[in-house]
Structures are given as structure tokens and as C-alpha cells.
1. Please count how many residues of region 47-69 are charged (D, E, K, R) and over 16 Å from H9 (Cα atoms).
2. Among the residues of region 79-95, how many are of a type in the set (D, E, K, R), surrounded by 13 or more Cβ atoms within 10 Å (Cβ to Cβ) and farther than 25 Å from R4 by Cα?
3. If you check T34, T55, which single one turns out to be touching a Ser or Thr at 6+ places or on another chain (Cβ under 8 Å), modelled with pLDDT of 95 or more and surrounded by fewer than 18 Cβ atoms within 10 Å (Cβ to Cβ)?
4. Can you pull out every residue in region 19-47 that is of a type in the set (F, W, Y) and in a helix (DSSP H, G or I)?
5. Go through (1) modelled with pLDDT of 95 or more; (2) in contact with a Leu (Cβ under 7 Å, 6 or more places away or on another chain); (3) of a type in the set (A, V, I, L, M) one by one and return the number of the condition I78 breaks.
6. (1) in contact with a Pro (Cβ under 7 Å, 6 or more places away or on another chain); (2) surrounded by fewer than 12 Cβ atoms within 10 Å (Cβ to Cβ): which one isn't true of N25, the others all being true?
7. With the structure loaded, tell me whether Y51 is out of contact with any Leu (no Cβ under 7 Å at 6 or more places or on another chain) and closer than 14 Å to I99 by Cα or whether it fails that test.
8. Just checking, does region 92-105 include any residue being free of Cβ contacts under 8 Å to residues at least 24 places away in the same chain and among the acidic types (D, E)?
Amino acid sequence: METRKHFMHCQIAGFSYHEGPLVFNELTVGTELTLVTEPDNKYDPNAVAVYYGNTKLGYLPADKNNIVHLLLEMGYDIFETRIQRIDPATHPENQIHIIIYIKRNEANRDMLEYCM
């Protein structure tokens, strides 16, 4: 049985407006990232920030954050997020693409069977 399942992939929105450019040279394909909800975000109550360690890289795009935000707010620790592609030659908003997996384990087995 798979230990994880592909959930989605996207670019990091707002990459050039946060600390991403400061750590760009440290980022590599496969680097693990962390997703953190920002329910008090004045622009988007469903905002999900993307972190590399303590460095905020940006956000999940608003059109892709609803389900991730909901599950994180409900306390599910089910996401594994990694850098999928780095393209330094393109516009900063498209330089970093990430992939989000759902981790398969006993704690979320029932939820996964229901959703997938």
C-alpha cells in the first residue's frame, strides 16, 4: 500500500513578496516545506502559508487553498509538501512549484477512504 497519495501541485503565490528570494539558493527539488493556516489573514480567511523552516515563502494560490485550510484547521496532520520544480529563469511568481501529498497512516485512514 502507498504511504502517500498525490493531492495537488501548484506554484507558491506571493513568492517575490515574502522571504522566498532571500533563501532561493538554499531551495532544491525535494526540499520539505510546511503548510500553516492564517485564519486572521485580512486578504483571505482561508490563507495557507508555505514555510521553509521559519521562512515564509508565500501562500497556496487562493483558488486551491480551501480544502487544505479546512483539513489543517480541523487538526489533521496529513500533508507532506515538497518542492517539485525550480525554474530560476522565469518570473518569480512561477519559479517554485510544489507538490502536496496526503500521508497515508492509521490516524487518517478512515478520512482518506471517505474522501478518495
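1. The number of residues fulfilling the criteria is 1.
2. 1
3. T34
4. F24
5. So the condition that I78 fails would be (1).
6. Among (1) in contact with a Pro (Cβ under 7 Å, 6 or more places away or on another chain); (2) surrounded by fewer than 12 Cβ atoms within 10 Å (Cβ to Cβ), N25 violates only (1).
7. Here the answer is no, as Y51 does not meet what is asked.
8. no
The values are calculated or read from the model by the stated rules, or taken from the named source; none is laboratory data. Everything numeric here is computed off the predicted structure, so don't read it as measured data. We place every Cβ from the backbone using ideal geometry, glycine too, and count neighbours over all the protein chains shown.
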